[in-house]
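Trainee: Encoded as C-alpha cells, here's the structure I'll be asking about.
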Amino acid sequence: MNRITLPGNTSISGIKLKVPDLERSLTFYSTQIGFQVFEKKDNYALLSASGTPPYQIFLEEFQGGEPVSRMTAGLYHIAVKVPNRKELAAVLTNLA
C-alpha cells in the first residue's frame with residue numbers, strides 16, 4: 001500500500017473522534033487518507049494535512065471501547081476539501 005500526503009492547504013474543520021484503537025485509527029488516517037501526526041500521547045493524537053497545528057482531526061482512544069460491527073454506521077461522513085481534482089484522485093485511488 002502506498003502512503004500518500006495531503007497538500008498543506010487541504011481544508012477540514014477540526015473534528016474529535018473517540019476511537020477504540022488509537023494505533024489502528026492513526027494508520028488509517030495517515031496511510032489511507034494522508035493526514036500527518038504532529039502530536040501524540042498515550043491516549044490521543046492530533047493530525048493535520050500539513051503536520052502542524054491547528055489540528056484537523058483529534059483522535060482520542062477510550063478505555064473499554066470495542067470496534068463497532070460492520071453492520072452499524074459508526075462514523076457516517078466527514079468532508080475533506082482538497083485543492084484540486086488531481087489531489088482528490090490521489091486520495092480516492094489510495095482508498096480503492
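Trainee: Relative to the longest principal axis of the C-alpha atoms of the chain, give the angle of the C-alpha long axis of helix 85-95, reported between 0 and 90° and rounded to the nearest 10°.
Mentor: The two axes meet at around 40 degrees.
Trainee: Work out which chymotrypsin sites (Phe, Trp or Tyr not before Pro) in the chain are exposed loop sites (DSSP not H, G, I, E or B, at most 14 other Cβ within 10 Å) and give the longest gap free of them.
Mentor: For chymotrypsin sites (Phe, Trp or Tyr not before Pro) (loop position, at most 14 other Cβ atoms within 10 Å), the longest site-free span of the chain is 1-61.
Trainee: Follow-up. Please list, or write none, the lysines whose alpha carbon is within less than 18 Å of the alpha carbon of K40, excluding same-chain residues fewer than 8 places away.
Mentor: K16, K18
Trainee: Work out, step by step, the length gained on full extension between T52 and R85: first 0.36 nm times the residue separation, then minus their alpha carbon distance; give nm to one decimal.
Mentor: 9.5 nm
Trainee: Another question about this same structure. Considering only M71, N9, V19, whose Cα is most displaced toward the positive end of the charge dipole of the chain, charges sitting on Cβ of Lys, Arg (+1) and Asp, Glu (-1)?
Mentor: N9
Trainee: Moving on to the next point. Give me the net charge of Y44's neighbourhood, meaning all other residues with Cβ under 11 Å from the Cβ of Y44; Lys, Arg count +1, Asp, Glu -1.
Mentor: After counting each charged neighbour, the total is 0.
Trainee: Given an 8 Å cut-off on Cα distances and at least 6 residues of separation, report the relative contact order of segment 1-61 as a percent.
Mentor: Once divided by the residue count of segment 1-61, the mean separation gives 40 percent.
Trainee: Something else now. Answer with a single label: of (1) 18.3; (2) 13.6; (3) 13.9, which was calculated as Kirkwood radius over Cα pairs in Å from the structure in view?
Mentor: Entry (3).
A short reminder: the numbers here are calculations on the coordinates, not readings from a lab. Note that the coordinates shown come from a computational prediction; the quantities given were computed from them, not determined experimentally. Here Cβ is always computed from backbone atoms with ideal geometry, including for glycine, and neighbour counts include all displayed protein chains.
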